[in-house]
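A quick write-up on the structure given underneath.
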Amino acid sequence: QVQLVESGGGLVQPGGSLRLSCAVSGRIFSINEMGWYRQAPGKQRELVAALTSGGSTNYVDSVKGRFTISRDSTKNTVYLQMNSLKPEDTAVYYCNAELRARSFSIPADYWGQGTQVTVSS
């Protein structure tokens, strides 16, 4: 069983900061890529930031320069540092990991339960 557990969401004023964390536990052989997605009410889920095992990052244009994704491989944990938050960043944020549970496994996607981020004065 693989579990992704997120933490760090909450209510913050515009211009504020939050740091999301996502810890991956369970049977893990290797992690290819980890990322953060978000879904606002009435909108489709979108990729916010992704980080490959090789260290490459990818960000949606709307968060470039404000958000930073990082990873602690020793803890199988990925972080999303969010600065200069805007009301339009309000959404449920989901952690995603593409990983292999065993050496012979095909890579599969796993998701966290989501954490609410609300940016409002």
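The values are calculated or read from the model by the stated rules, or taken from the named source; none is laboratory data. None of these values were measured; they are calculated from a predicted model. Only protein heavy atoms, including side chains, enter the accessible area calculation; ligands, DNA and RNA are left aside. Shrake-Rupley method; radii C 1.70, N 1.55, O 1.52, S 1.80 Å.
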Gain on full stretching of the segment that runs from GLN44 to LEU11 - 0.36 nm per residue minus C-alpha separation: 9.7 nm
Cα-based equivalent ellipsoid of the chain: semi-axis lengths in Å, sorted from largest, via gyration tensor: 26, 14, 12
For the chain, accessible area per residue (1.4 Å probe, heavy atoms of protein chains only), Å²: 54
Relative contact order of the chain, defined on C-alpha pairs under 8 angstrom at six or more residues apart (%): 37
Among GLU88, GLU33, GLU98, residue whose mean-square fluctuation peaks in a GNM of the chain (springs only between Cα atoms under 10 Å): GLU88
Protein accessible area in the stretch 1-63, 1.4 Å probe - carbon and sulfur %: 44
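Considering only DSSP beta bridges whose two residues both sit in the chain, what percent are antiparallel, to the nearest 5? If you can, show how the numbers build up before the last one.
Details: 43 of 46 bridges.
Within the chain, antiparallel bridges account for around 95 percent of the total.
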THR57 - accessible surface, heavy atoms, 1.4 Å probe, Å² rounded to 10: 80
Extended-chain gain in nm, criterion 0.36 nm per residue less alpha-carbon gap, LYS64 and ASN32: 9.3 nm
For ASN76, distant residues with modelled amide H under 5 Å away: none
Calculated diffusion of the stretch 22-92, Stokes-Einstein form, Kirkwood radius summed over Cα pairs, 10 °C and 1.306 mPa s, µm²/s: 121
Alpha-carbon spread of the stretch 51-110, three principal axes, descending order, Å: 43, 20, 20
